[in-house]
Amino acid sequence: MSKTEAKTEPVQYRFPEGFWWGSAASATQIEGAADEGGKGKNIWDHWYETEPNRFFDGTGPQKTSRFYETYKEDIQLMKELGHHSFRFSISWSRLFPEGKGELNQEGASFYHNVIDELTAAGIEPFVNLYHFDMPLALQNIGGWENREVVSHFVSYAETCFLLYGDRVKTWFTHNEPIVPVEGGYLYDFHYPNEIDFQKAVQVAYHEILSNAKAIEAYRRLGGDGKIGIILNVTPSYPRSRHPEDVKASEIADAFFNRSFLDPAVKGEFPSLLTDILKEEGFLPDVKPGDLELIKANTVDLLGINYYQPRRVKAKEHLPNPNAPFTPERFFDHYEMPGRKMNRHRGWEIYEKGIYDILMNLKDNYGNIECFISENGMGVEGEERFRGEGGMIHDDYRIEFIKDHLKWVHKAIQEGSNVKGYHLWTFMDNWSWTNAYKNRYGFVSVNLDKDGERTVKKSGYWFKRMTEMGGF
Ligand code: BG6
């Protein structure tokens, strides 16, 4: 059946013509070649060298899914599997081994080649600049804690706009900027493994500032595409309608969602959050002119990563006043009885959350143009689903995608400005400290056979679905 014929097939959930179907990945998680091609070390290379035991099965970032070598074949496979767009990130330390200074030409050529290959395959490159991978040299001067790093980020961003802006028309400054705050400064799952709320606030603030400054630079340099940010705006659901539960959820929402969403889209900080920071004595160091700059440089486009909801309730016990300060001073996490779980990852599955996010953007954020930039299901031990022909029958992933897309479809019917859906991820990749424990891809990667690829059932299903424009 041809693509044109497929489009006329009856489908129950039809998506608009030109919907952005694709997938997402990040440099550290797929490239490998961590010490090759002139790349400098980033915090992942360093953390793994010093504490390999923190990584599942002791697997580090050196080789990951070998995209550095196999990008041509991988991009051909993306094409075969119906991709219209693909989001990847540039490794800052591959372009600038020290995070600043001289450009590494070999690194620059690699991304030229990837972008050319995608373009030739008819796949639109969506490029993200920062995905958790601080160059080690800059982390050694404090990383995002240090305002100087904001300037280095802007120089790096400008270089990327100038090098690739002729072919890349969709840019993102950051992916999930709250995660380096949580992981690195609150909950110990990213380097530098500190527990320090004041630093966490400063890191978040500098990321927000760097987003606005990079947007300013893009426009100043005459960028003729769109620039945005990717946020994991996990909705905060209260246990009940009790006013104290509701208040707990509003505070959690302010800390984890509105902290980035409001400045990125509206150019201002929510007073619910700034009042708390002020009262608790944790306001960040803000320089004159910053707030005006943030106000003037908001995003064109928002990427939404959605995996799980956040459920909270009013605090049940007085917090230890001497324990390190965390947002949990104001709420407790709530495990809803009967919740549907992805037990491999330990995350609740709540499909309607994706719709609630889109409706929130429609009602409270001017219905800004957005797309689902990540959604997906990490499963351990997928080999047991490999059938005789060698294909992994990941029907659970197909169901997961469908169940979320139904809600995206409903949001579109109700006027959401959502423009696409990217799965996390194209091929199995390195999930940070979880390494290769949970697999997310449309394509499996066999680490014992030099990263050999085989398409999973979901990959073929996706191809067919994109041809039909729905399911
Ligand atoms: C998102 C990130 O948080 O979720 C990805 O942008 C990450 O980098 C993905 O891999 C899935 O989470 P995890 O922790 O299972 O890899």
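See the values below:
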item: Check on Asp285, over 20 Å from Ser236 (Cβ atoms) and acidic (Asp, Glu); result: yes
item: Unique residue being more than 16 Å from the ligand (Cβ to nearest atom) and open to solvent by 10 Å² or more (accessible area, probe 1.4 Å) when the list is Gly420, Gly415; result: Gly415
item: Meets criteria (modelled with pLDDT of 95 or more, more than 13 Å from the ligand (Cβ to nearest atom) and within 19 Å of Asn305 (Cβ to Cβ)) for Phe462; result: yes
item: Residue within the range 361-371 that is at pLDDT below 95 and either crowded, with 21+ Cβ neighbours inside 10 Å or assigned to a loop (DSSP other than H, G, I, E, B) (or both) present; result: no
item: Val312 being part of a loop (DSSP other than H, G, I, E, B) and buried (at least 19 other Cβ atoms within 10 Å of the Cβ); result: no
item: Qualifying positions in the range 169-215 - more than 16 Å from the ligand (Cβ to nearest atom), within 24 Å of Leu261 (Cβ to Cβ) and without any contact (Cβ under 8 Å) to a residue 60 or more places away in the chain; result: Lys169, Trp171, Tyr185, Lys199, Ala200
item: Complete set of residues in the range 280-301 that are surrounded by 17 or more Cβ atoms within 10 Å (Cβ to Cβ), of a type in the set (Val, Ile, Thr) and assigned to a loop (DSSP other than H, G, I, E, B); result: Thr298, Val299
item: Check on Asn360, among the polar types (S, T, N, Q) and out of contact with any strand residue (DSSP E or B) (no Cβ under 9 Å at 6 or more places or on another chain); result: yes
item: Complete set of residues in the range 107-129 that are among the small types (Gly, Ala, Ser) and either within 21 Å of Tyr156 (Cβ to Cβ) or buried (at least 23 other Cβ atoms within 10 Å of the Cβ) (or both); result: Gly107, Ala108, Ser109
item: Hey, Ala254 surrounded by 19 or more Cβ atoms within 10 Å (Cβ to Cβ) and touching a Lys or Arg at 6+ places or on another chain (Cβ under 7 Å) or not; result: no
item: Hits in the range 444-471 (condition: on the phi < 0 side of the Ramachandran plot, open to solvent by less than 40 Å² (accessible area, probe 1.4 Å) and not β-branched (Val, Ile, Thr)); result: Ser444, Lys456, Ser458, Gly459, Phe462, Met465, Glu467, Met468, Phe471
item: Condition broken by His404, with the remaining ones in (1) open to solvent by less than 40 Å² (accessible area, probe 1.4 Å); (2) modelled with pLDDT under 95 satisfied; result: (2)
item: Every residue from the range 18-39 that is away from the ligand (no atom under 16 Å from the Cβ) and either touching a strand residue (DSSP E or B) at 6+ places or on another chain (Cβ under 6 Å) or open to solvent by 10 Å² or more (accessible area, probe 1.4 Å) (or both); result: Gly18, Phe19, Trp20, Asp35, Glu36, Gly37, Gly38, Lys39
item: Residue selected from the range 423-453 under the condition more than 11 Å from the ligand (Cβ to nearest atom) and of a type in the set (S, T, N, Q), by the criterion farthest from Lys79 (Cα to Cα); result: Asn446
item: Test: residue in the range 139-148 that is open to solvent by 10 Å² or more (accessible area, probe 1.4 Å), within 16 Å of the ligand (Cβ to nearest atom) and of a type in the set (Val, Ile, Thr); result: no
item: Within the range 394-417, tally of residues that are among the aromatic types (Phe, Trp, Tyr) and free of Cβ contacts under 8 Å to residues at least 12 places away in the same chain; result: 0
item: Residue match in the range 128-147 (condition: over 19 Å from Asn42 (Cβ atoms) and assigned to a helix (DSSP H, G or I)); result: yes
item: Pairs, first within 26 Å of Ile304 (Cα to Cα) and acidic (Asp, Glu) in the range 220-247, second open to solvent by less than 40 Å² (accessible area, probe 1.4 Å) and not in a strand (DSSP E or B), C-beta under 9 Å, six or more apart; result: Asp224/Gly165; Asp245/Ala314; Asp245/Phe331
item: The range 390-415, residues that are assigned to a helix (DSSP H, G or I) and hydrophobic (A, V, I, L, M, F, W, C); result: Ile398, Phe400, Ile401, Leu405, Trp407, Val408, Ala411, Ile412
item: Hits in the range 377-389 (condition: within 16 Å of the ligand (Cβ to nearest atom) and assigned to a helix (DSSP H, G or I)); result: Glu382
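The rows are residues; the columns are (1) away from the ligand (no atom under 16 Å from the Cβ); (2) touching a residue at least 24 places away in the same chain (Cβ under 8 Å).
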position: Glu328; (1), (2): yes, no
position: Pro337; (1), (2): yes, no
position: Arg343; (1), (2): no, no
position: Ile354; (1), (2): no, yes
position: Ile357; (1), (2): no, yes
position: Lys362; (1), (2): yes, yes
position: Glu369; (1), (2): yes, yes
position: Asn375; (1), (2): no, yes
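Condition check ((1) at pLDDT 95 or above; (2) under 24 Å from the mean Cα position of the chain (by Cα); (3) of a type in the set (Phe, Trp, Tyr)) across all residues:
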{"site": "Asp300", "(1), (2), (3)": "yes, yes, no"}
{"site": "Val312", "(1), (2), (3)": "yes, yes, no"}
{"site": "Pro324", "(1), (2), (3)": "yes, no, no"}
{"site": "Phe330", "(1), (2), (3)": "yes, no, yes"}
{"site": "Pro337", "(1), (2), (3)": "yes, no, no"}
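The values are calculated or read from the model by the stated rules, or taken from the named source; none is laboratory data. Since the model is a prediction, treat every value here as computed from it, not as a measurement. Methodologically, a virtual Cβ is constructed for each residue, glycine included, from the backbone with ideal geometry; neighbour enumeration extends over all protein chains shown. Please note that ligands, DNA and RNA were not included when accessible areas were found on the heavy atoms of the full protein model with its side chains. Shrake-Rupley method; radii C 1.70, N 1.55, O 1.52, S 1.80 Å.
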